[in-house]
Amino acid sequence: MDKKIALELKGITKVFGKITANNNVDLDVYKGEILALLGENGSGKTTLMNMISGIYYPDSGQIFVDGEEVIISSPKDSFKYKIGMIHQHFKLVDVFSAAENIILGINDGKKYSIAETNARVLEITERYGFNIDPKKKIYEMSVSEKQTVEIIKVLYRGADILILDEPTAVLTPQETEKLFAVLRRMRDDGKAIIIITHKMHEVLSLTDRVAVLRKGEHIATVNTKETTVSELTEMMVGKKISLNIERSEPKNSCDRLVVSNLNCVSHEGVKILDNVSFTARSGEILGIAGIAGSGQRELLEAIAGLQHIDSGKILYHNPKNDEVVDLRDKTPLQIRDLGVRLSFVPEDRLGMGLVGDMDITDNMMLRSYRKGHSIFLDRKAPKNLAQEIIKSLEIVTPGTSTPVRRLSGGNIQKVLVGREIAAAPSVLMAAYPVRGLDINSSYTIYNLLTAQKERGVAVIFVGEDLDVLIELCDRILVIGSGKVTGIVDGRNAVKEEIGVLMTKTTSIDEENGGVAI
């Protein structure tokens, strides 16, 4: 039996000033289908989905739902046509229960009944295999539980067409498999599902078809079982590229950073790092895996001097003079000058990493202005650095004088990461350096980190994709609830094994008296 088209776009165009975000896009998704939407950063994926969900309005083109042309000028309209979007960053009220968040904003003229809402939520969970307590408060939930609430929220409103933006970005492999099982049941129930993701293995294992955008235009839609990662990447980029991480063997490796019994307590008295011990060595990449909020960020900030340390040691072996220095005694600026660099890519890149109204050259100067010897700052070296980073990372920009806020999110991120790599550190800590980047840009960053390793740098890499951690890193340290729950060899690691370690709450020391390796 032929499937019916649930949603169809014809000739959709959206222009922002001189930039054409989407140009004459034709796209369709069937009932009972999971469609992946792929494209490089800045290819127009989010803009296109925002027009379907009512956040933007197209300049030209038509949208059809169940064969009927519709006008979607607000999110309220999209719900009217049974379209629901689950955003990457959740929009939930922490002090409310799951059920209260789910019915928030619904005005159906009926008298509010929490008992009826709880019953309806349980009905949806049983139908699709969710595992959620409707009475549980949001602040008590894990990331996957919060995502479940977001999905149930759109199903409760009757959505038959669902759009999920990077749904597995912060999930463990086990949580990802549970989500995929739910999505497959929803597909079998006749739902039309569009998933935006940069993880190719998820595309191949979950979806039925793949639509590819390039520079705002729809390149092709292909059957998933008839394509490969190389073909999809070539369609995205417009040329053949290599997607291999050449993991070389560590050479002349020696201890560069030795962390012993590190403890950090928050202002509220909660232990955020609990007796953490490990060693980072020159010429190797040490990966750090863990569920979001397990202490990865605080660990790197403690090393960089940005997080208060209650007890423990961070011994830095300086390659310039073989001196051993305890970084606990140093200020963040002194730690940076020793050659220990932190490149943390936050969710708010412009709020924490760069100054949006300043151009690329000036953002390079943020790292060096203190060394100026006069009131007139030297702009030549930072400009040359900016040009070098633009070229090596293929940053899409009119030039070095372009304000950073005018760049796409992925290109802003390349500026942020490139600036730290260019500082030639002896210890480079890269936290989420490919967060939200397309596959081509991501592999550029991976190869840059490998190049740093081959120069003898001790690289500490915090990532969200376990497949990449296993392929890129020499060793992987796993953190659960602020404790080191395991350290595994990257060459022999199994994704499921790391996933189990991520959810443990006892450290390797507590279990068997083990020591950091």
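Just so you know, all these numbers are worked out from the coordinates, no wet-lab data involved. A quick note: this is a predicted structure, and the numbers were derived from the prediction, not measured. Don't worry about glycine lacking a Cβ; one is built from the backbone with ideal geometry, like all the others, and counts go over all protein chains shown.
Secondary-structure-derived ellipticity at 222 nm for the chain, considering helices only, amounts to -9500 deg cm²/dmol, per-run term -39500 (n - 2.57) for DSSP H runs with n ≥ 4. Model label sites at E226 and S392, defined 7 Å from Cα along the beta-carbon direction, differ in position by 4.2 nm.
Across the cross-link table entries K45/K504; K82/K504; K80/K135; K225/K251, which are compared at the Cα atoms, the separations over 32 Å belong to K45/K504; K82/K504; K225/K251.
With one equal scatterer per alpha carbon and no solvent term, the Debye-computed log10 I(q)/I(0) for segment 215-302 at 0.11, 0.16 1/Å reads -0.64, -0.81. Of the residues S60, T224, G290, the one whose Cα sits farthest towards the positive end of the charge dipole of the chain is S60 (charges of +1 on Lys and Arg Cβ, -1 on Asp and Glu Cβ, taken about the Cα centre).
Work out the FRET efficiency for T20 and R491 from their Cβ-Cβ distance, taking R0 = 35 Å, and round it to the nearest 0.05. Efficiency, rounded to the nearest 0.05: 0.15. Looking at the chain alone, DSSP beta bridges between its own residues are antiparallel in about 55 percent of cases. Per residue, the convex hull spanned by the alpha carbons of segment 1-140 comes to 167 Å³.
Counting only alpha carbon atoms, the long axis of helix 380-392 and the longest principal axis of the chain meet at about 50°. In plain terms, the residue of I151, I138 with the fewest other Cβ atoms within 10 Å comes first and the most crowded comes last, giving I138, I151. Its residue count N fixes a reference of 2.2 N^0.38 Å for segment 5-237, and the Cα radius of gyration divided by that reference is 1.01. Please go through the residue pairs K14/K215; K4/K146; K10/K199; K146/K483; K215/K240 and name each one whose alpha carbons sit more than 21 Å apart in this structure. Over 21 Å apart, Cα to Cα: K4/K146; K10/K199; K146/K483.
Approximating the spin labels as points 7 Å out from Cα along Cα→Cβ, the E268-to-R185 distance works out to 3.2 nm.
Straight-line cross-link partners of K391 among the aspartates and glutamates, defined as a Cα under 18 Å from its Cα and at least 8 positions apart when in the same chain: E40, D359, D362, E420, D438. When the Cα gyration tensor is reduced to axis lengths a ≥ b ≥ c, the ratio a/c is 1.5 or higher for segment 135-267, and with a/b not above b/c it is classed as oblate. Place a point 7 Å from Cα of K313 in the direction of its Cβ. Which residues in segment 252-267 have their backbone N less than 15 Å from it? Taking a point 7 Å out along Cα→Cβ of K313, the residues of segment 252-267 whose backbone N falls under 15 Å are 255-263. Taking Cα atoms only, the orientation of helix 143-156 departs from the longest principal axis of the chain by about 10 degrees.
Computed extension length for E69-S142: 22.3 nm, one decimal, from 0.36 nm per residue of separation with the Cα-Cα distance subtracted. Normalised by 2.2 N^0.38 Å, where N is the number of residues, the alpha-carbon radius of gyration of segment 286-326 equals 1.40. For K135 and S253, what does the FRET efficiency come to when R0 = 51 Å and r is the distance between their Cβ atoms, rounded to the nearest 0.05? Using R0 = 51 Å, I get an efficiency of 0.45. Stretched out straight at 0.36 nm per residue, the stretch from L122 to V93 would grow longer than its current Cα-Cα span by 8.4 nm. Between amide H atoms placed 1.01 Å from N, distances below 5 Å from V15 occur with A21, D59, all of them 5 or more places distant or on a separate chain.
For the chain, a Kirkwood hydrodynamic radius built from all Cα pairs, placed in the Stokes-Einstein relation at 37 °C and 0.692 mPa s, yields a translational diffusion coefficient of 133 µm²/s. For segment 5-237, what proportion of DSSP beta bridges, expressed in % and rounded to the nearest 5, is antiparallel? That works out to approximately 55 percent antiparallel.
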